[in-house]
Amino acid sequence: MKRIALVGSSGSGKSTLAMDMGRILDIEVWHLDAILWKPNWILTPREEQKQIQSQLVNRESWIIDGNYQSTLDIRLEAADTIIFLDMPRTLCLYRVLKRRLMYHNRSRPDMQADCKEKIDFQFLKWIWEFPSKKRPQMQQKLMDLKMDKQIITLKSPQEVKRFLANMQ
């Protein structure tokens, strides 16, 4: 595990797992939210997103967390390990709401400065619909890559804890 891509719904725990793995493996962690969002929630243009990620994946080792469907293949193709956090939608929603309260009127540590934590209906809807709309696409991508990559699917916080304990 030297090139690790973490994917899953918002609120699934990607950033937390990435930081924990980075400490254990001594590998630099890149949070796409922090890289691709500019202050005041301005998203980096897609071509620039591709350039940034192409540079990141050319490094010898990395942990990158984030979905960003339009550039997902860049990370998945370069990764030797892909971790899919396939958490229940109710847990993801709970975590996002909790995060909103924790970081009220300020930016999260894994987010760009001047991107204060926010929630809107579209974001909550995206999380709610992830299992039916995004999960099947993700599973198909992972099935297509299964022969060439180490694919790990974690479905509960307990599985994540066991996974981290086994790494140490």
Query raised in the report: With all protein chains present, how much of the accessible area of the chain (probe radius 1.4 Å) comes from carbon and sulfur, to the nearest whole percent?
Result: 51
Report summary line: When the charge dipole of the chain is computed with +1 at the Cβ of Lys and Arg and -1 at the Cβ of Asp and Glu, the Cα pointing farthest to the positive end, of GLY11, CYS115, ALA78, is that of GLY11
**Report entry** Flagged links, alpha-carbon separation over 26 Å, of LYS38/LYS118; LYS50/LYS149; LYS98/LYS146; LYS2/LYS146; LYS98/LYS133; LYS14/LYS38
**Finding:** LYS98/LYS146
Requested in this report: Whole number in Å², please: accessible area per residue of the chain, 1.4 Å probe, ligands, DNA and RNA not counted.
Outcome: 56
Query - Choice from GLU28, GLU48, GLU77 showing the highest fluctuation, given a GNM over the chain with Cα pairs closer than 10 Å - result: GLU48
**Report entry** Computed over the chain: relative contact order in percent, which uses C-alpha pairs under 8 Å that are six or more apart
**Finding:** 32
Report summary line: With Cα springs under 10 Å, the Gaussian network model of the chain assigns the largest mean-square fluctuation among LEU56, LEU91, LEU101 to LEU101
Query raised in the report: Based on DSSP H runs of at least 4 residues, each adding -39500 (n - 2.57), what is the mean residue ellipticity at 222 nm of the chain after dividing by all its residues, to the nearest 500 deg cm²/dmol?
Result: -14000 deg cm²/dmol
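The values are calculated or read from the model by the stated rules, or taken from the named source; none is laboratory data. All values reported here derive from a predicted model rather than from experimental measurement. When we count neighbours, we look across all protein chains shown, and the Cβ atoms used for this are built from the backbone with ideal geometry, even at glycine. Surface accessibility is based on the protein's heavy atoms, side chains included, excluding ligands, DNA and RNA. Shrake-Rupley method; radii C 1.70, N 1.55, O 1.52, S 1.80 Å.
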